Amino acid sequence: MGIIMPREAASAAVTAQGDDLALLGLLQLVSPALPIGAFAFSQGLESAFELGWVKDEASLGDWLTGVLDDGLTRCELPVLARLQRAWAERDTEAIAQWDGWLAANRETAELAAEDSRLGASLARLLGSLGLLPVDRSGESPALPAGVGYVTVFAWAAQVRGVAPRQAMLGFAWAWLENQLAVACKALPLGHTAAQRLVERLRPALVAAVDEALALEDDELGPALPGLALASALHETQYSRLFRS
């Protein structure tokens, strides 16, 4: 066993404190209590309930697995890593490019509105906390016009010192938790069943992050025609609890 000298011990303590603060910052960022209004959106899931495509624990698990595999893994998660790197390098061109790429992949008005509204809400929150990025003059917020949620999330993770892989896991976890909360309100799905789905999908979240980190730029792009159709139909659904 090596002996940690006083200077090394102090350095290790500083590192541990930084890691702890980053973890707490990530927990804050993915908490359902974060006041950005994420609870108001279902990302097309409410429509899937109405259409009878998702009707119980098993079919919900299949739906979420499909969205994770063909959606988040090839869209939000790999782009989140790219955006966080761009924020670290202050590469405004790459930030704008990937923010625009995400916006172009929102296939319905509701999905586009959800992304922009959550992005604006998170930006306002960060502004109230004094955490918005600023341009080189140090005066104006350095966010793309109409910035999307993933882009602001990437900045928040970067400024909190969260490693990209952990930021991706946190983002995926927040998505899963939100989808299960929607199901508990609208399916209905019992809380025990929701926890069984957490156990089923936790390894899938890790696998999704692993795959997302290995993808090249030309391999990106979601393939979710069913979700797009459900989201489009939700716009005219007679009775709704959620905004998407």
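The values are calculated or read from the model by the stated rules, or taken from the named source; none is laboratory data. Just so it is clear, the model here is predicted, and its values are computed rather than measured. Every residue, glycine as well, gets a Cβ built from its backbone with ideal geometry; the counts of neighbours run over all protein chains shown. To get the accessible areas, we keep the full protein, side chains included, count just its heavy atoms, and leave off ligands, DNA and RNA. Shrake-Rupley method; radii C 1.70, N 1.55, O 1.52, S 1.80 Å.
Evaluation of Ala183 against the conditions (1) crowded, with 21+ Cβ neighbours inside 10 Å; (2) free of Cβ contacts under 8 Å to residues at least 24 places away in the same chain; (3) aliphatic (A, V, I, L, M) shows that the sole unmet condition is (2).
Look at region 128-152: where a residue is of a type in the set (Asp, Glu) and a partner is open to solvent by less than 70 Å² (accessible area, probe 1.4 Å) and modelled with pLDDT of 70 or more, sitting 6+ places away or on another chain with Cβ atoms under 9 Å, you get Asp135/Ala142. Among the residues of region 227-244, what is the count of those that are open to solvent by less than 30 Å² (accessible area, probe 1.4 Å) and at pLDDT 90 or above? So the answer is 5.
Ser128 meets each of the listed conditions (1) modelled with pLDDT of 90 or more; (2) crowded, with 16+ Cβ neighbours inside 10 Å; (3) among the small types (Gly, Ala, Ser) apart from (2). For region 181-191, a residue qualifies if it is among the aliphatic types (A, V, I, L, M) and either in contact with a Leu (Cβ under 6 Å, 6 or more places away or on another chain) or not in a helix (DSSP H, G or I) (or both), and the qualifying residues are Val182, Ala183, Ala186, Leu187, Leu189.
Here the condition is being part of a helix (DSSP H, G or I) and touching a residue at least 40 places away in the same chain (Cβ under 8 Å); of Ala194, Ala204, it holds for Ala204 alone.
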